[in-house]
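Let me begin by presenting the structure, written as structure tokens, before commenting on it.
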Amino acid sequence: MDILQEIQNTSTEFQSRLSTSEPEVLAQEYLGRKGKVAQLFKHLPMVDPEQKGNVGQALNQLKQEIEESLNQQNHKSVASNTSQDLPNIIPPSLDQLSQEVGHLSPVTATMFRLQDILGSLGFSVVTGPEIETEYYNFDALNIPDEHPARDVWDTVWVSSTDSQKSLLRTHTSPVQIRHMEKTKPPIRIVAPGRVYRYESTDATHETTFHQIEGLMVDTTTSIATFKGVIKEIFSKLFDQEIEIRLRPSHFPFTEPSFEIDVKFNNRWLEIAGAGMVHRSVLAAGNITDPAVQGFAFGMGIERIVMLLTGLDDIRYIHSGDLRFVYQLGIQKN
Ligand code: PHE
């Protein structure tokens, strides 16, 4: 028997039956455990050694060709069934359905992108708890109880039994303290994560959103370093040379403090809060060497997604509506 000829015949025969037989029947007959393809494979050990490569290849091709044809056939039949609107078709086997390949949500994709960019500048990712203590979220960040600045971060308090009051962290800044307590400078970290605010929602406010925090502490860290890093981050993120501008601002944990604006599509947009880390914050992180300085910044990821996509209502982002997620079209790398 000429096995190559036999393979060819099987292929021709299969193709001729494709339009008339049910795909399930063909699958069983050709690809089943005792099917025609399996029978042909059984001949392989008997083939001349110098022919083996060719025959093996032809067999694999045959198998692949049959699998692909049947797959297409299945897709066609599922599609034509649904177009006739037949009620509740339960496909005999799940792999007949075309499978949607998942992708990252725009928020995660943007967060990963920022982590990558900061990673290329030597920052490593650290995380902290979402249920925080009052100490890390406020006191250690130079916002003592009764300080009016606490009102800036409308807080969801969590009832707790121990003496420390707990809350859902209102920003990612507590991670700065947690990290400094454990590490000596030089420090370069990026802390992404979910944060919570007790406030009513509107097109630009959500009760739950994401921030990414950056912290760099070193003897060489200055406002110039800080500006350089920020410019680099946004130029890479927006894929073009980006102009930035620092406006004086106030945060209890930085001195001086800035709002960072970036120029995008000819408009200045406020994109992050930042500043040189306040001495008392460094001290809360056990850093007292006067030669060491730090800068920190924090920004909302959803806001960046909105800028990148032109989205005008933040509430869509966590609505769970898949049409929205796909339409945004931010694909993972
Ligand atoms: N934590 C601040 C906020 O949530 C942002 C910020 C981070 C500002 C770091 C300065 C330095 O608004």
- line: accessible surface per residue for the chain, probe 1.4 Å, DNA/RNA/ligands not counted, whole Å² -> 55 Å²
- prompt: Which lysines, on any chain, are close to residue 36 with Cα under 30 Å apart, when same-chain ones fewer than 8 places away are left out?
  reply: 52, 63, 76
- prompt: Taking R0 as 51 Å, what's the FRET efficiency between residue 50 and residue 326 from their Cβ-Cβ distance, rounded to 0.05?
  reply: 0.45
message: Tell me the carbon and sulfur percent of the accessible area for segment 117-270, rounded to whole percent, probe radius 1.4 Å.
response: 49 percent
query: Given the alpha-carbon gyration tensor of segment 109-328, what are the semi-axes of its equivalent ellipsoid in whole angstrom, ordered largest first, with each equal to the square root of 5 times an eigenvalue?
result: 26, 23, 15
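The values are calculated or read from the model by the stated rules, or taken from the named source; none is laboratory data. Computed from a prediction, not measured in an experiment: that's the story for all the values here. So basically every Cβ, Gly included, is an ideal-geometry build from the backbone, and we count neighbours across all protein chains shown. Please note that ligands, DNA and RNA were not included when accessible areas were found on the heavy atoms of the full protein model with its side chains. Shrake-Rupley method; radii C 1.70, N 1.55, O 1.52, S 1.80 Å.
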